[in-house]
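Okay, so here's the structure we're looking at.
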Amino acid sequence: MADGLTVPFALAAGITAAIASTRVVVTAGLAEIVAGATAMGLGGYLAARSDQEHFHSEEKREYAEVEKLPDQEKRELREIFGEYGLGKPEVDTVVAALSADKKRWVDFMMRFELGLEKPDPKRAPISAATIAAAYFVGGLIPLAPYMIESDIKKALIYSAGFTGLALIIFGGVKGKLTGVDPFKSGFQTFLVGGLAAGAAYYLASFFG
């Protein structure tokens, strides 16, 4: 969502500085939104697929080690439990119980030795759709004023206002959800968008 707000707005601001045509801004902006949403959606899909492939590869390797090198894997189990302050008798009991079930043994090693959680197989398409939709919706906000206002300078002012407000709200919500100060998060998100748009605008003005 933040990228969808920032990149199309920066593009629109840059074109506004060089070309006095809202039609060109809207056409270029829509093209960028479609391309960006597609690229980021596919990127999210491939990233999720890579996580799944990495997990299954490590799981396969862990099963092989449990079968071929059980003593070494048990030593690793003892080291893991030893870090939690358990004594030798308790550690031996837990290791014996856990290593009796190969699946539970491998699941434990995947989580506590390698730090890997089994990914949801439905994650890849959901991730792709969520990222693409968020980028597309975010991108429409800075372009909307150019669609309804023929005066390109006024459209830029309205676009800056709508985009700035959206960035602050989005940053605040993100901060609240992640446990960061909403005001700080909103300001940081707004600052990133403002710097990107300002750089694009002044660069286009310079070459224009």
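Restricting attention to segment 2-24, and to residues there that are aliphatic (A, V, I, L, M) and not in a helix (DSSP H, G or I), which single residue is modelled with the lowest pLDDT?
As a first pass, look at segment 2-24 and keep what is aliphatic (A, V, I, L, M): 2, 5, 7, 10-13, 15, 17-20, 24.
Keeping just the survivors that are not in a helix (DSSP H, G or I) gives 19-20.
Numbers: ILE19: 77, ALA20: 72.
Ranking the candidates gives ALA20 first.
Matching residues to (1) at pLDDT 80 or above; (2) within 27 Å of LEU46 (Cα to Cα):
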position: ALA100; (1), (2): no, no
position: LYS103; (1), (2): yes, no
position: MET110; (1), (2): yes, yes
position: SER127; (1), (2): yes, yes
position: LEU143; (1), (2): yes, no
position: ASP151; (1), (2): yes, no
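From MET147, MET110, grab the single residue that is in contact with a Leu (Cβ under 6 Å, 6 or more places away or on another chain) and not charged (D, E, K, R). Please lay out each step first, then the result.
Numbers: MET147 fails: in contact with a Leu (Cβ under 6 Å, 6 or more places away or on another chain).
None of the other options fit; the residue is MET110.
I need the full set of residues from segment 106-144 which are open to solvent by 70 Å² or more (accessible area, probe 1.4 Å) and touching a Pro at 6+ places or on another chain (Cβ under 6 Å), in order please.
none
From the list ALA48, ALA97, exactly one residue is in contact (Cβ under 8 Å) with a residue 60 or more places away in the chain and either in contact with a strand residue (DSSP E or B) (Cβ under 9 Å, 6 or more places away or on another chain) or open to solvent by less than 90 Å² (accessible area, probe 1.4 Å) (or both). Which is it? Walk me through how you get there before you give the answer.
Values: ALA97 fails: in contact (Cβ under 8 Å) with a residue 60 or more places away in the chain.
From the options ALA48, ALA97, the qualifying one is ALA48.
For segment 171-187, name all the residues that are over 13 Å from MET1 (Cβ atoms) and open to solvent by 90 Å² or more (accessible area, probe 1.4 Å).
LYS176, THR178, PHE183, LYS184, PHE187
For LYS103, are the conditions met, namely being open to solvent by 90 Å² or more (accessible area, probe 1.4 Å), over 36 Å from the mean Cα position of the chain (by Cα), at negative phi and not aliphatic (A, V, I, L, M)? Step through it out loud before you land on a result.
Values: open to solvent by 90 Å² or more (accessible area, probe 1.4 Å): yes; over 36 Å from the mean Cα position of the chain (by Cα): no; at negative phi: yes; not aliphatic (A, V, I, L, M): yes.
No: the conditions fail for LYS103.
Does ALA155 satisfy the condition of being touching a residue at least 60 places away in the same chain (Cβ under 8 Å) and under 21 Å from the mean Cα position of the chain (by Cα)?
No: the conditions fail for ALA155.
Would you mind stating whether ALA17 is over 28 Å from GLY172 (Cβ atoms) and open to solvent by less than 60 Å² (accessible area, probe 1.4 Å)?
For ALA17, the condition - over 28 Å from GLY172 (Cβ atoms) and open to solvent by less than 60 Å² (accessible area, probe 1.4 Å) - is met.
The values are calculated or read from the model by the stated rules, or taken from the named source; none is laboratory data. Note that the coordinates shown come from a computational prediction; the quantities given were computed from them, not determined experimentally. Here the Cβ is made from the backbone with ideal geometry for all residues, glycine too, and neighbour counts use every protein chain on show. Side chains included, ligands, DNA and RNA excluded: accessible areas come from the protein's heavy atoms. Shrake-Rupley method; radii C 1.70, N 1.55, O 1.52, S 1.80 Å.
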